[in-house]
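A quick write-up on the structure given underneath.
The values are calculated or read from the model by the stated rules, or taken from the named source; none is laboratory data. As the structure is a computational prediction, the values presented were derived from the model and not from experiment. Here Cβ is always computed from backbone atoms with ideal geometry, including for glycine, and neighbour counts include all displayed protein chains.
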Amino acid sequence: MFVQDESGPVAGVFSERDLIYQLGLYANNLMDKEVSTQMIKDPQCVRTGTSLGRAIFFMAKEGYRHVPVVGIDGRVESVLSVRDFLNYIHTAFAHKLIKKSDCAAQESALGRLLCMSIKDIYAKDTVTLAADQNAADFVTTMAQNRCGSAVVVDADRRVKGIVTERDYLIKVIGQCDDYKSKLIEDFMTASPKTLLEGSTVALAFNSMAEGGFRHLPIVDDDERLIGMLSVRDLSNAVADAIVQDLTSG
């Protein structure tokens, strides 16, 4: 969410993560808090004439999931999100690269990236939780690791679910008085889509865009968790490829 002052320019940005990190388990007092006390003030913006490639690079470099697009008067005209970027790459490129034979003639850095395995870009150090842990454990774990999701696994590291900031905000906040009584299994997404390490980047784009996912657990041949692929991992890789294409052209 972007916050504007009375004159029009962007005054701040307020995200799901801000809500969890700053209010934590005291979110039942939301009506007593003003947005201005919790938001990130004076966020960076992009102009309406900025190229998509430069905007993607900017978002990846700064680690933003959303960025306001402003006109010459500084007023917000739209919002660019990593979801927009994901859908664009999927529609323009990735959906065409389903088979290995489709990759044979790829000459651009972006085309070669989409045909690569995801093994070099996903995060190996994945935050995990058990289904019988509770909402208080979730908030503490997210804050300690500065992340927005965790994979729910059993004792053999087989994936049972995935739990995100959005799950917590929608299914937990305001729904219970005792956060220790709300178990992870009660608000996680069970049996999430997973990918094998040998999957291509194009397949990852397609899976995320078509399923509306921001994170995909990566598993081995025995379906044990070995990592997590996020939209941010993909945007960082695409940003690097765009730079290569621009500098080589």
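From the list V201, V243, exactly one residue is crowded, with 19+ Cβ neighbours inside 10 Å and either of a type in the set (A, V, I, L, M) or over 17 Å from H90 (Cβ atoms) (or both). Which is it?
Just a single option satisfies the conditions, and that option is V201.
What's the total number of residues in the stretch 168-220 that are under 15 Å from Q133 (Cα atoms) and of a type outside the set (A, V, I, L, M)?
10
Taking the residues in the stretch 108-126 that are buried (at least 18 other Cβ atoms within 10 Å of the Cβ) and within 18 Å of the chain's Cα centre (by Cα) as candidates, determine which candidate is farthest from L246 (Cα to Cα).
T126
Which pairs turn up if I take residues in the stretch 66-91 that are assigned by TED's automatic domain parsing to the domain that holds I56 and under 11 Å from A55 (Cα atoms) and look for partners that are of a type in the set (D, E, K, R) and exposed (fewer than 15 other Cβ atoms within 10 Å of the Cβ) with beta carbon separation below 8 Å, at least 6 apart in sequence or on another chain?
If the second residue must be of a type in the set (D, E, K, R) and exposed (fewer than 15 other Cβ atoms within 10 Å of the Cβ), the pairs left are V69/R47; V69/E77.
Just wondering, is there one or more residues in the stretch 162-183 that are buried (at least 20 other Cβ atoms within 10 Å of the Cβ) and closer than 19 Å to T91 by Cα?
no
Regarding V219, is this residue at pLDDT 85 or above, over 14 Å from the mean Cα position of the chain (by Cα) and under 18 Å from S81 (Cβ atoms)?
No, not satisfied.
Name the single residue, out of those in the stretch 166-197 being touching a residue at least 60 places away in the same chain (Cβ under 8 Å) and aromatic (F, W, Y), that is nearest to C147 (Cα to Cα).
Restricting to residues being touching a residue at least 60 places away in the same chain (Cβ under 8 Å) and aromatic (F, W, Y), the top hit is Y168.
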